[in-house]
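The structure appears below as structure tokens.
The values are calculated or read from the model by the stated rules, or taken from the named source; none is laboratory data. Since the structure is predicted, the reported quantities are computational estimates derived from the model, not experimental observations. Cβ: placed from backbone, ideal geometry, glycine included. Neighbour counts: every protein chain shown.
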Amino acid sequence: MKKIDYKWTMLLLISAAYFLAQGTRQIYSAVLPDIKAAFGSDISDASLGLVGSAFTLAFGIVIPFAGMAADFFRRKWIIVAGCLLFSAGIFLSGFATGIGMLFIAYGLMNGIGQSLMPPCNSSLISEFHTDTRGTAFSVYQGAIYLGIVVCSVIASNMASGHVDGWRKAFWVFGALGILWTLVLILFLKDTPNVGKKGETSVVDALKAFFSKPTALWMMAALGCYFFATYGVKIWTPLFMMRAFPDMAPATAVFHGVFWFYLGAFIGVSLSGRLSDRLKPSRPYIRFEVELAGILLCIPFIMIIAGTSSMTLMIVALAFFGFATGVYDSNLYAAMLEVIDPQYRAFATGIFGCGGCIVGALGPVVMGLLSDAFSIRLAFASLAIFALIGSGFVAISRFVTVKKDII
């Protein structure tokens, strides 16, 4: 198969793997009310949020090492190992009898397994897609959104009205991930890494990232963005049930997930193609798109937190999703423009690590604020982090990128 054809086959394979990865990550929030009921009413919101934070923290700590491995070893087998590990973690989560096992299986195994994949995925997309990079990353991101919606809705319906139905959701999607691991083994090519790795070192890889102020500012922005969006992803279904007490759990999951990710899918699709088309005439367009996306998040977070109208909340969720899609469309594409191609997988790992360490605090801090005050106040607090993050992106665009861009 010719390379020009394989680049789309490769994109399909890794996008489908991350469809399952992100989708199975989201089923935790989709079945959160059922887990809380199964484990007893004495389980606090903070302890439930801690499981989500454990995932994000494990993901963030391991991802730079995954990036380093991706630049120096075979990317195919790192992706395969990641897919197998996260799928096993999801499958075992279905056997949990308390927070402790969920912490290990869903939090640690799932988090570590998923962390192995993004650096390799981003490196392959960046290598095989040059003129179509924004479009390719948009397809990849769109698959993630679709996975979240599909898996969440199916999981919530499996759990609704069935004793231990939430366990079946973990078992089914964990098994699907294990099966897709076999597909990756069969069809994903073991393509060599770009560059002469024997002439480089870990120190060189670290310098490639940390010598670029733009990359550091973008990483700080990512941390603020993850703090806000991870909190939303974990807590929105439960938030809607509390805001509208008569709403059934499956309905809350549908509205809390579908409208947000419908907007995100539209945002990422339009913004990715737009940035590719404007790149020749506007060399910093990817950074401008990032800034627009994170700024747009702020007003819609506030509307979601404050409204008592179901219609207005749905509209705000859709537009908030659109804003995150705009930001996500060039999330990695922008940062990678200041990184030597030889070290892009490692840079992705470092980038994700910094973002996830800050973002890991989002779900548990929201749980603490919800226990101490109200879940509405917890949601409103997320706008502060989006505002701070927008300042960091603005510094990248208007101060540092001109010097750093390759």
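When restricted to residues that are free of Cβ contacts under 8 Å to residues at least 24 places away in the same chain and in a helix (DSSP H, G or I), the range 232-251 contains 1.
The residues of the range 203-231 that are part of a helix (DSSP H, G or I) and either among the hydroxyl-bearing types (Ser, Thr, Tyr) or at pLDDT below 75 (or both), listed by number, are 214, 225, 229, 230, 231.
Of all residues in the range 279-303, those that are in a helix (DSSP H, G or I) and either of a type in the set (Asp, Glu) or modelled with pLDDT under 90 (or both) total 2. Looking only at the range 350-402, residues that are touching a helix residue (DSSP H, G or I) at 6+ places or on another chain (Cβ under 8 Å), among the charged types (D, E, K, R) and surrounded by fewer than 19 Cβ atoms within 10 Å (Cβ to Cβ) come to 2 in all.
Restricting to the range 302-312, what's the tally of residues that are in contact (Cβ under 8 Å) with a residue 40 or more places away in the chain and surrounded by fewer than 24 Cβ atoms within 10 Å (Cβ to Cβ)? Before you say what the answer is, go through the steps one by one.
Let us first name the residues in the range 302-312 that are in contact (Cβ under 8 Å) with a residue 40 or more places away in the chain, namely 302, 304-306, 308, 310.
Right, trim to surrounded by fewer than 24 Cβ atoms within 10 Å (Cβ to Cβ) and you get 302, 305-306, 308, 310.
The qualifying residues number 5.
Of all residues in the range 14-33, those being under 19 Å from residue 166 (Cβ atoms) and either at pLDDT below 90 or of a type in the set (S, T, N, Q) (or both) number 12. Please determine whether any residue of the range 126-145 is over 25 Å from residue 5 (Cα atoms) and not β-branched (Val, Ile, Thr). No, the range 126-145 contains no residue that is over 25 Å from residue 5 (Cα atoms) and not β-branched (Val, Ile, Thr). With respect to residue 322, is the statement that it is in a helix (DSSP H, G or I), within 17 Å of residue 221 (Cα to Cα), among the hydrophobic types (A, V, I, L, M, F, W, C) and modelled with pLDDT of 85 or more true? When the stated conditions are applied, residue 322 does not pass them. Of the helices (runs of 4 or more DSSP H) lying entirely inside the range 57-154, those containing at least 2 residues that are over 16 Å from residue 20 (Cα atoms), at pLDDT below 90 and more than 15 Å from the chain's Cα centre (by Cα) span 99-102, 118-128. No other residue among 256, 267, 272, 293 is crowded, with 24+ Cβ neighbours inside 10 Å and free of Cβ contacts under 8 Å to residues at least 60 places away in the same chain apart from 293. Residue 11 meets all of the listed conditions (1) surrounded by fewer than 23 Cβ atoms within 10 Å (Cβ to Cβ); (2) of a type outside the set (Ser, Thr, Tyr); (3) at pLDDT below 80 but one, namely (3). Return yes or no: is residue 398 in a helix (DSSP H, G or I), of a type in the set (Phe, Trp, Tyr), in contact with a Cys (Cβ under 8 Å, 6 or more places away or on another chain) and under 22 Å from residue 292 (Cβ atoms)? No; evaluated as a whole, the condition is false for this residue.
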